[in-house]
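Q: Let me begin by handing over the structure; questions about it come next.
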Amino acid sequence: MIQPRKIFQALAENVSRVIVGKDEAIEYALIALLCRGHVLIEDVPGVGKTTLASALARSLDCTFRRIQFTPDLMPSDVTGYTLVNPRTGEEEFREGAVMSQVVLADEINRTSPKTQSALLEAMEEHQVTVDGRTHPLPTPFMVLATQNSNAFVGTYPLPEAQMDRFFLRISIGYPTVEQEMDVLERYTGTVKPMEQLQPVCRAEDVLGMQDAVNTVYCSPEVRAYVASLAAATRGMRELQLGLSTRAAIALLKGGQACALLDGRDYVIPEDIQRMALPVGSHRLVLTPEARMKGVTPETVLNAVLDRVSVPLRL
């Protein structure tokens, strides 16, 4: 029988061997895995974005491919392409890099919007369509994308449709002095921590955990709370674009995962509040006036959380 909490803890401990002092970022990435979601890891260069994604992939006994997004990357490199076999005269499909269970899209905002959009169908429908033929992706399927801040040269902002397909966004941040000393000690030896990582769960375990999330009960009151939060963002004057229905579904799924990991079979409002910022902040689009005033999506979401009434009866 699948024990989600036990497997989750084993995964978190394994990843923390190479990512020091970033337990919250690791936890959110694993929650996205449980919810069949994709993760956007956004931060400045050199803080461990790619390392976090690679460590999670190594911790799963799943197929793994890494795509280095560059300005000359073509959509066919991601999705695959069809060619004619000169010997048989028949068409053959050559798989792209996205045909894997775990895909690391490294520096996704360094390629053109045309190539970025090649991931849209894969992330939403877990399939790719090439030359009119649909090819299903393996299960479980997860995209871990890293991106540098848009303030850096050579980056292309991800479109709103792309951002909305990421279950959540996390930021790693700089370590403390003590944490950085620990990192320096681990990475100056002859054996690198990443080389010592071994898988701690199988694909079947991941699928079992994902199924377990769906069994967590969510009352009508909690569903109404989520819907009210999403509706409130759409009326905020600081926003051009509020939370979509897809975002509301993701928020509810995140609450189910939190409840499961806390040992409960039902969702409470605190689960929703816990997931509101990582699930919702990257989906909001501020007005130019709000950006000029220094308003952030996080401050808007916090204001919405304060404004919307919390259900008393579950």
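Every read-out reported here was derived from the displayed coordinates using simple, explicitly stated rules and does not represent laboratory data. Note that the structure is a prediction, hence the values are computed from the model and not measured. All Cβ positions, glycine included, derive from the backbone under ideal geometry; neighbour counts span all protein chains shown.
Q: Among R110, R202, which comes first, second and so on when ranked by fewest other beta-carbon atoms within 10 Å?
A: Working: R110 20, R202 13.
Ranked by crowding around the Cβ, least crowded first: R202, R110.
Q: If the cut-off is 15 Å between C-alpha atoms, which aspartates and glutamates fall inside it for K293, apart from same-chain ones fewer than 8 positions away?
A: Those aspartates and glutamates meeting the cut-off are E238.
Q: Percent relative contact order of segment 29-93, based on C-alpha pairs within less than 8 angstrom and at least six residues apart?
A: On the way: 21 pairs, mean separation 8.5, N = 65.
Dividing the mean separation by the residue count of segment 29-93 yields 13 percent.
Q: Same structure, new question: Tally Lys and Arg at +1 and Asp and Glu at -1 over the other residues with C-beta under 14 Å from the C-beta of Q68: what net charge comes out? Present the calculation step by step, with values, prior to reporting the outcome.
A: Values: positive: K49, R65, R66, R110; negative: D72, D77, D106, E107.
Spelling it out: positives minus negatives among the neighbours equals 0.
Q: Just to be sure I follow: if Rg is taken over the C-alpha atoms of segment 1-61 and Rh is the Kirkwood radius over the same atoms, what is Rg/Rh?
A: Details: Rg = 11.4 Å, Rh = 12.0 Å.
Rg/Rh for segment 1-61 comes to 0.96.
Q: First measure r as the distance between the Cβ atoms of R264 and E95, then evaluate 1/(1 + (r/R0)^6) with R0 = 30 Å and state the FRET efficiency to the nearest 0.05. Can you show the working numbers first?
A: Details: r = 41 Å, r/R0 = 1.36.
In this case the efficiency is close to 0.15.
Q: Please list, short to long, the whole-number percent of alpha-carbon pairs of the chain in consecutive 10 angstrom bins beginning at zero.
A: Going out from 0 Å in 10 Å bins, the chain shows 6, 25, 33, 25, 9, 2, 0 percent.
Q: Can you give the log10 of the normalised intensity I(q)/I(0) at q = 0.16, 0.25 Å⁻¹, computed with Debye over equal Cα scatterers of segment 215-307?
A: For segment 215-307 at q = 0.16, 0.25 Å⁻¹, log10 I(q)/I(0) is -0.60, -1.22.
Q: Here is a follow-up. Just add up the charged neighbours of Y28: K/R +1, D/E -1, any other residue whose Cβ is under 11 Å from the Cβ of Y28. Don't skip to the answer; put the middle values down first.
A: Working: positive: K22, R169, R274; negative: D23, E24, E27.
Net of charged neighbours comes to 0.
Q: Using a cut-off of 25 Å between alpha-carbon atoms, which lysines can reach K22, once sequence neighbours fewer than 8 places away in the same chain are excluded?
A: Filter leaves K6, K49, K192, K253.
Q: Restricting to the chain, compute how many DSSP beta bridges are antiparallel as a %, nearest 5.
A: On the way: 11 of 30 bridges.
Within the chain, antiparallel bridges account for around 35 percent of the total.
Q: While we're on this one: Please arrange F141, F166 by how many other C-beta atoms lie within 10 Å of their C-beta, fewest to most.
A: In order of increasing Cβ crowding within 10 Å: F141, F166.
Q: Before anything else, pin down the relative contact order of segment 110-186: Cα pairs under 8 Å, at least 6 apart, normalised by residue count, whole percent.
A: Computed over segment 110-186, the figure is 31 percent.
Q: Let me ask another. As a footprinting exposure proxy, order T296, T50, T215, T146 by other Cβ within 10 Å, with the fewest listed first.
A: Numbers: T296 14, T50 18, T215 9, T146 26.
Ascending number of Cβ neighbours within 10 Å: T215, T296, T50, T146.
Q: Summing Lys, Arg as +1 and Asp, Glu as -1, what charge do residues with Cβ under 14 Å from the Cβ of L207 carry, L207 excluded?
A: Working: positive: R36, R202; negative: D61, E204, D205, D211.
Net local charge, L207 excluded: -2.
Q: Still on this structure, please answer the following. Tabulate in residue order the Karplus-calculated ³J(HN,Hα) for segment 26-32, using 6.51 cos²θ - 1.76 cosθ + 1.60 with θ = phi - 60°, rounded to whole Hz; enter x for Gly and Pro.
A: Listing the rounded values in order: 5, 4, 5, 4, 6, 4, 4 Hz.
Q: Continuing with this model, one more query. If I take every Cα pair under 8 Å that is 6 or more residues apart in the chain, average their sequence separation and divide by the length, what percent do I get for the relative contact order? Working shown, then result.
A: Working: 546 pairs, mean separation 67.0, N = 314.
Computed value for the chain: 21 percent relative contact order.
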